Amino acid sequence: MSRAGGRTRAGADVQHGALAPVLRGLVAVALVVTAVVHLQLAPGYQQVPHDGIGQGTLFQVQAVASLAAALYVLVRGTRSAFLVAAVTALAALAAVVTTSYVPLPAIGPLPSMYEPVWYPAKTLSAVAEAMAAVLAVVGRAAHRR
């Protein structure tokens, strides 16, 4: 057994082995929560502007991305899977926070988005996204190289 940073290599492997499945599961659950919330809310946001994309469609795209990232981190559990999960969650969190505080104008086919009200489903989604992002970053950092 070699020593690296005050821990034995075997000890680091055991710690990673116990931590990784828990982190993978928690990240996946948080991503599924945000996907379900977005799928439930999508129909109410599907006002399509002329020759544009409705916000409901964006919600559906986000839900599919979250489900794909959840599946990827659950099945593979690699550093890159944790990175994909973190990026997916952070992008969704950035979108909800930005559109809550900044009135975004329509850009090309994308609709203008601004909703300064926080309601339970929106809050649940934001919390799940933040948790997924933090846990995915921890999972990536804890993963052996």
Output yes when any residue across region 97-107 is in contact with a helix residue (DSSP H, G or I) (Cβ under 7 Å, 6 or more places away or on another chain) and surrounded by 14 or more Cβ atoms within 10 Å (Cβ to Cβ), and no when none is. no
Would it be correct to say that Phe82 is more than 13 Å from Ala35 (Cβ to Cβ), surrounded by 13 or more Cβ atoms within 10 Å (Cβ to Cβ), among the aromatic types (Phe, Trp, Tyr) and within 14 Å of the chain's Cα centre (by Cα)? yes
Working only within region 76-98, note down all residues that are at pLDDT below 95 and either touching an Asp or Glu at 6+ places or on another chain (Cβ under 9 Å) or in a helix (DSSP H, G or I) (or both). Arg79
Filter result for the condition that a residue is out of contact with any Pro (no Cβ under 7 Å at 6 or more places or on another chain), at pLDDT 95 or above and assigned to a helix (DSSP H, G or I), over Leu58, Leu26: Leu26
Just to be sure, is Leu135 out of contact with any Leu (no Cβ under 9 Å at 6 or more places or on another chain), hydrophobic (A, V, I, L, M, F, W, C), under 25 Å from Leu19 (Cβ atoms) and assigned to a helix (DSSP H, G or I)? no
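The values are calculated or read from the model by the stated rules, or taken from the named source; none is laboratory data. Computed from a predicted structure; not experimentally measured. Positions of Cβ are generated from backbone atoms using ideal geometry, with glycine treated the same way; all protein chains shown enter the neighbour counts.
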